[in-house]
1. Once you charge only the Cβ atoms, +1 for Lys and Arg and -1 for Asp and Glu, what is the size of the charge dipole of region 74-201 about its Cα centre, to the nearest 20 debye?
2. Under a 10 Å cutoff between Cα atoms, tell me which one of 36, 104, 138 has the largest fluctuation in the Gaussian network model of the chain.
3. Counting other Cβ atoms within 10 Å of each Cβ, which trypsin sites (Lys or Arg not before Pro) in region 91-142 have at most 14 and sit in a DSSP loop?
4. Can you pull the one-decimal nm distance between simple spin-label points at residue 55 and residue 73, each 7 Å off the Cα toward Cβ?
5. Once you sort the root eigenvalues of the Cα gyration tensor of region 42-201 as a ≥ b ≥ c, which label holds: rounded (a/c under 1.5), prolate (a/b larger than b/c) or oblate (the other case)?
6. Using the alpha-carbon atoms, what tilt in degrees (0 to 90, nearest 10) does helix 130-144 show relative to the longest principal axis of the chain?
7. Using helices alone, what [θ] at 222 nm do you get for the chain, with -39,500 (n - 2.57) per DSSP H run of 4 or more residues, divided over all residues and rounded to the nearest 500?
8. Only Cα pairs under 8 Å and at least 6 apart count here; give the relative contact order of the chain as a rounded whole percent.
Amino acid sequence: MKFFFNNTETVELKERKRMRIKQIYNRDHQKNKKMVSEYTSKYYYTVESKKKPNNEGWIFEWKKTPFKEIFRKKWEGNLFELFKGEAEYYIMENTENEEIGLVVFEHLSHSNRTRIWDIMIQSEYQRNGYGTLLLNYVQTKAENLKSRALVLECQNTNYKAINFYIKNGFNLIGFDLEAYIQEQGGGIEVRFEMGKNLRTI
């Protein structure tokens, strides 16, 4: 996974190794810079909906299910996307200028929520707490804006990512059975919407 950035605002992180988070801008880059996201998974969540008799409602069930063989997903797209609106893009790098990860998020004023569009850590740096550092960075930004919640999209096949978000205080807040072109995901992919309430009682 390769990201492209210039020298911009720098934030020093004291936790673990010394890291910097720097904001990057579309205007400073050539068009059609690519980013690559990929993951493997041993499990996924099956989703079933059942209608109750006499139009009394529905029952939804999510069940952890093992894949018959390792599931592999790879996606490539533009680094900057128009559909992400006024999103802010940040790079994490170490003191050797090695690129560790990326996070993209946007404050949605109409609902006063902050949407995380992308959060990625390069594979060789995963499981070292860097994803949590980026997530905490976004949460601090959101809290400073008085945002009432963090929200993000995740696939039911990305079992590790779901567990990561749950560990960091997120819950399942919705799903879409028809969000994806099923030929690309083996016919089983479901969009999970996950969220974390930031309002204090």
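No value in this document is a laboratory result; all are computed from the given coordinates. Since the structure is predicted, the reported quantities are computational estimates derived from the model, not experimental observations. Here Cβ is always computed from backbone atoms with ideal geometry, including for glycine, and neighbour counts include all displayed protein chains.
1. Numbers: 13 positive and 18 negative charges, 158 e Å.
So the dipole magnitude of region 74-201 works out to roughly 760 debye.
2. Top of the fluctuation ranking is 36.
3. Numbers: sites: 113, 115, 127, 141; in loops: 127.
Answer in residue order: 127.
4. Each label point is offset 7 Å from its Cα along the Cβ direction, giving 3.6 nm.
5. Working: a/c = 1.88, a/b = 1.31, b/c = 1.44.
Oblate, because a/c is 1.5 or more while a/b does not exceed b/c.
6. 90 degrees
7. Values: 2 runs with 24 residues, N = 201.
Per the formula, -3500 deg cm²/dmol.
8. Working: 365 pairs, mean separation 34.7, N = 201.
This gives 17 percent for the chain.
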